[in-house]
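Here is the structure we will look at, set down as structure tokens.
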2 protein chains.
Amino acid sequence: MTGILNGMRVVEGSAFVAIPLAGMTLAQMGADVIRFDRLEGGLDAHRWPVAPNGKSLFWAGLNKGKRSIAVDMKSPRGKELVTEIITAPGEDAGLFLTNLRVRGWMDHETLSKLRKDLIMVSLLGDRHGRPAVDYTVNPSLGFPDATGIPGSSDPVAHVLPAWDCIAGNLAVSSLLAAERHRLRTGQGQDVELSLKDVAAAMMGHLGIIGEVAVNGVTREKSGTALYGAYGQDFICADGRRIMVIGLTDRQWRGLVKVTGTQDAIGRLELLLHLDLGQEGARWEAREAITEILKPWFAARGADEIGKTFDAAGLTWSEFRDFGRAVREDPDLSSQNPMFQDLDQPGLGRFPVPRSPVSFSQTDRPDACPAPELGAHTEEILGDVVGLPDREIASLFDDGIVAAPHKHIYFAATHHPKQARVS
Amino acid sequence: MTGILNGMRVVEGSAFVAIPLAGMTLAQMGADVIRFDRLEGGLDAHRWPVAPNGKSLFWAGLNKGKRSIAVDMKSPRGKELVTEIITAPGEDAGLFLTNLRVRGWMDHETLSKLRKDLIMVSLLGDRHGRPAVDYTVNPSLGFPDATGIPGSSDPVAHVLPAWDCIAGNLAVSSLLAAERHRLRTGQGQDVELSLKDVAAAMMGHLGIIGEVAVNGVTREKSGTALYGAYGQDFICADGRRIMVIGLTDRQWRGLVKVTGTQDAIGRLELLLHLDLGQEGARWEAREAITEILKPWFAARGADEIGKTFDAAGLTWSEFRDFGRAVREDPDLSSQNPMFQDLDQPGLGRFPVPRSPVSFSQTDRPDACPAPELGAHTEEILGDVVGLPDREIASLFDDGIVAAPHKHIYFAATHHPKQARVS
């Protein structure tokens with residue numbers, strides 16, 4: 001199938017979430033993405049979650065559709081090979097994504113001597129080059145302190161590695177922007193961003209820095225409440241829990257109307273001298289509003305409430321745990337065209353997401369499993385580095401490169417593909 | 001200054017986080033981004049946080065560097081104007097980002113009749129076109145149920161609208177990918193993604209769907225612990241709280257070494273029959289590990305610990321609230337070249353983030369304030385729609401368009417810029 005980025009080749013030297021996600025995002029749009037790793041696998045080769053057989057569901061999730069080569073990067077020849085893969089010719093190649101902090105042979109200055117128009121996108125921990133991960137950036141900026149049940153003093157981390165996910169997507173945009181510029185000017189580019197800067201910028205964009213600097217206010221924990229307007233969770237008669245949104249005027253008026261609480265809300269407005277038509281007033285009065293609405297939810301089951309809300313065009317959802325969501329939500333199954341049920345070696349068959357983006361003029365590439373470490377070592381040395389079979393064979397013999405079944409690779413033959421038992 | 005996307009023009013019809021963030025990301029890379037709104041402002045015109053004078057810090061944060069036009073989109077002439085802005089000629093124009101759900105005149109089919117190669121990127125709530133916001137997508141997929149203090153049954157929302165931030169960045173990549181394709185083929189494109197699909201795909205990418213489908217496991221709340229390896233918060237002798245990471249082998253060995261807990265950790269391994277060199281074993285034994293490490297932290301102040309950890313090259317950070325982070329962290333000030341102190345009308349002077357991405361061959365555009373609603377109405381009608389001054393003046397007179405000071409606009413003149421009092 002032809003994805004929108006078909007023909008583009010990107011080389012990825014990475015571990016963990018952000019850059020693997022960036023490479024996969026490009027692969028799921030049709031690019032040929034080559035991830036290189038050391039012989040024993042990268043730092044994320046066994047990252048949790050893992051299946052009972054020890055195989056990493058994390059690796060399987062973040063490397064779908066890439067090609068994998070395993071190289072001994074401690075050896076001079078291994079370094080040369082990786083350098084050749086990164087700087088290989090091709091108008092739509094010369095694109096390198098990385099979060100490995102390798103000085104010297106793998107930096108932009110060195111690599112761009114071999115391919116002048118190389119675009120290298122590097123994700124750092126912080127702007128000073130210090131290590132940082134989502135789990136450390138988040139506390140340092142204040143998010144866990146603002147997360148949790150009101151009144152609690154325990155910090156709570158977000159479960160989603162959100163900064164990684166945002167940084168990875170921004171790395172994709174940066175690469176595409178730099179490639180756009182290269183097409184016009186022929187210039188390569190050394191592109192840098194850091195996980196902490198991505199998070200710090202977002203704090204500014206969302207007004208949180210302004211809130212402190214202008215208002216002198218530090219936002220407090222508010223559980224599941226929608227910040228700055230109205231949105232709250234309610235427990236229904238059947239014990240199920242529902243989130244409902246009163247962010248816009250329409251949503252707020254609709255919510256008051258379907259719950260039949262116009263009179264009570266009107267009295268609350270008089271009592272508090274607030275116009276609850278203003279979103280900020282709804283935020284200030286949120287606890288009182290919730291008390292007024294509670295009985296309506298407590299008297300009805302979640303299904304009835306859902307039907308009523310849908311009919312009124314309200315914005316709502318039900319709280320579920322991951323298990324229930326995966327088992328019950330058709331949007332998390334192959335009923336959603338984004339998902340395809342896929343057999344994955346060592347893991348079995350389950351729904352695997354393709355790109356969330358649909359382009360009208362190009363296909364959404366089919367879901368592909370993640371490669372075994374080194375699964376494409378041989379073909380990459382052939383079609384990207386351009387080595388003859390014999391030389392590829394001796395690289396395997398010398399332990400410079402590896403493939404999943406390298407130990408039964410017969411170096412003597414001129415037809416390694418046929419001779420390999422796998 | 002010349003940003004990497006200089007020359008590109010993008011039109012944005014949006015509200016709230018994702019698409020405004022997408023437009024601003026492009027603007028901060030140098031694109032000319034035009035946001036159109038109805039006369040009274042979009043749904044996010046007054047979104048919290050707001051300054052004491054009612055001015056929205058949220059609007060100021062998410063619309064920096066854009067041009068703003070205010071148009072009465074209920075009037076046929078207003079619709080025409082917006083259509084002309086979206087479909088205006090220019091090789092690097094014809095790019096439209098939106099999350100407004102306007103059927104008919106503002107859909108791709110209609111607009112592309114006027115500009116065949118139009119690229120329109122639409123963000124929906126869910127793939128069915130139902131409304132959804134970050135606050136509803138998150139509960140439905142299970143994240144709040146997995147967030148919080150272990151043992152608690154209260155769901156906790158993430159404070160960062162992470163799905164919006166990810167979707168906005170993916171909208172940017174999608175637009176750049178589609179424009180890349182247009183350059184090669186001349187084809188326009190109708191591009192769609194939904195907030196819920198973005199989140200559902202990420203659940204798959206991170207292995208959470210596999211964890212349920214393959215392992216039959218629903219992840220439980222784990223506070224601030226680093227999932228699947230070791231990472232935990234500790235309270236220091238001075239009451240300050242520190243996060244430390246033992247994700248990689250190097251980090252783990254370093255942590256055990258600097259805390260002098262080799263013997264105790266060795267005894268724990270014997271006791272539990274676990275090899276704590278394995279990241280999964282560290283996760284399983286995390287509570288016992290934390291008990292062993294606690295006294296070391298409790299006996300030292302945070303500053304001493306930080307120095308020790310830095311010297312050992314460990315990955316750590318301190319927990320702070322938003323206030324302390326903004327006041328104390330130089331990375332959140334103009335000491336960080338990403339930030340510039342900026343005077344913003346009605347808000348004052350505080351550090352404003354530019355793009356987190358630095359490109360070696362092009363400038364990082366200076367920080368710009370967000371426009372007042374309609375601040376560029378007149379110039380956009382001139383330089384994009386190509387209307388003569390007289391016609392622009394009568395559009396103001398007829399109330400079809402607005403500017404911050406439209407009520408004192410003198411329609412009779414041929415030199416509206418000079419005649420306007422502002």
Roughly what angle does helix B:18-27 make with the longest principal axis of chain B, taking Cα atoms, 0 to 90 degrees, to the nearest 10? 70 degrees
Taking the Cα atoms only, what angle lies between the long axis of helix A:286-298 and the longest principal axis of chain A, rounded to 10 degrees? 90 degrees
Which is farthest toward the positive dipole end of segment A:241-318 among A:A302, A:G280, A:L270, measuring Cα position about the Cα centre, with Cβ charges +1 (Lys, Arg) and -1 (Asp, Glu)? A:A302
Return P(r) of segment A:241-318 (all Cα-Cα pairs; 10 Å bins starting at 0; whole %; ordered from short to long distances). 18, 56, 24, 2
Taking all protein chains as present, what is the carbon and sulfur share of the accessible area of the protein assembly as shown, in % to the nearest whole number, probe 1.4 Å? 50 percent
Residue (of B:L124, B:V137, B:V156) at the positive-pole extreme of segment B:96-169, dipole from beta-carbon charges: B:L124
Dimensions in Å of the protein assembly as shown - Rg and Dmax from alpha carbons: 27.2, 90
Counted charge near A:V212, where neighbours are those whose Cβ lies closer than 15 Å (Asp, Glu -1; Lys, Arg +1): -3
For peptide A:331-338, the mean count of other chain Cβ atoms within 10 Å per residue Cβ is 6
Considering only the other residues whose Cβ falls under 12 Å of the Cβ of A:W59, what net charge follows from Lys and Arg at +1 and Asp and Glu at -1? +2
Segment A:19-117, relative contact order [Cα under 8 Å, separation at least 6], %: 26 percent
To the nearest 20 Debye, how big is the dipole of chain B about its Cα centre, given +1 on the beta carbon of each Lys and Arg and -1 on that of each Asp and Glu? 260 debye
In square angstrom, rounded to the nearest 10, how much accessible surface does B:R267 have for a 1.4 Å probe? 150 Å²
Expected 222 nm ellipticity per residue - DSSP helices of 4 or more, -39500 (n - 2.57), all of the protein assembly as shown, to 500: -11000 deg cm²/dmol
Other-copy label distances relative to B:P89, 7 angstrom Cα-Cβ extension, nm: 4.0
Largest-first ordering by accessible area, 1.4 Å probe, given options A:D117, A:D126: A:D117, A:D126
Whole-number percent relative contact order across segment A:241-318, with pairs defined as alpha carbons under 8 Å at least 6 apart: 50 percent
Roughly how many Å² of A:E84 are accessible to a 1.4 Å probe, to the nearest 10? 70 Å²
Relative to the compact-globule estimate 2.2 N^0.38 Å (N residues), the Cα gyration radius of chain A stands at a ratio of 1.20
Charge dipole magnitude, Cβ of K and R +1, D and E -1 - the protein assembly as shown, Cα centre, debye nearest 20: 280 debye
Dipole check, the protein assembly as shown, charges on Cβ (K,R +1; D,E -1), about Cα centroid: among B:V10, B:Q251, A:V326 the Cα furthest to the positive pole belongs to B:V10
In the neighbourhood of B:A88 defined by beta carbon distances under 12 Å, the net charge of the other residues (Lys, Arg +1; Asp, Glu -1) is -3
Any idea what angle helix A:302-311 forms with the longest principal axis of chain A, computed on alpha-carbon atoms, 0 to 90 degrees, nearest 10? 90 degrees
Mind checking the alpha-carbon convex hull of segment A:263-395 and giving the volume per residue in Å³? 238 Å³
With only Lys, Arg, Asp and Glu charged, each at its Cβ (+1 for the first two, -1 for the last two), find how big the charge dipole of segment A:241-318 is about the Cα centre; round to the nearest 20 debye. 120 debye
Sorted by mean Cβ packing within 10 Å, highest first, what order do the peptides B:44-57, B:191-204 take? B:191-204, B:44-57
Express the relative contact order of chain B as a whole percentage, based on alpha carbon pairs under 8 Å and six or more residues apart in sequence. 18 percent
Considering only protein heavy atoms, with the full assembly of protein chains and a 1.4 angstrom probe, order A:S14, B:S360 by accessible area, largest first. B:S360, A:S14
Taking N as its residue count, the alpha carbon Rg of segment A:108-205 over 2.2 N^0.38 Å: 1.36
Accessible-area order for B:R324, B:R103, largest to smallest, probe 1.4 angstrom, reads B:R103, B:R324
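The values are calculated or read from the model by the stated rules, or taken from the named source; none is laboratory data. Worth saying up front: this structure is predicted, and the values here are computed from it rather than measured. All Cβ positions, glycine included, derive from the backbone under ideal geometry; neighbour counts span all protein chains shown. When the accessible area is computed, the model is the full protein with side chains, heavy atoms only, and any ligands, DNA or RNA have been set aside. Shrake-Rupley method; radii C 1.70, N 1.55, O 1.52, S 1.80 Å.
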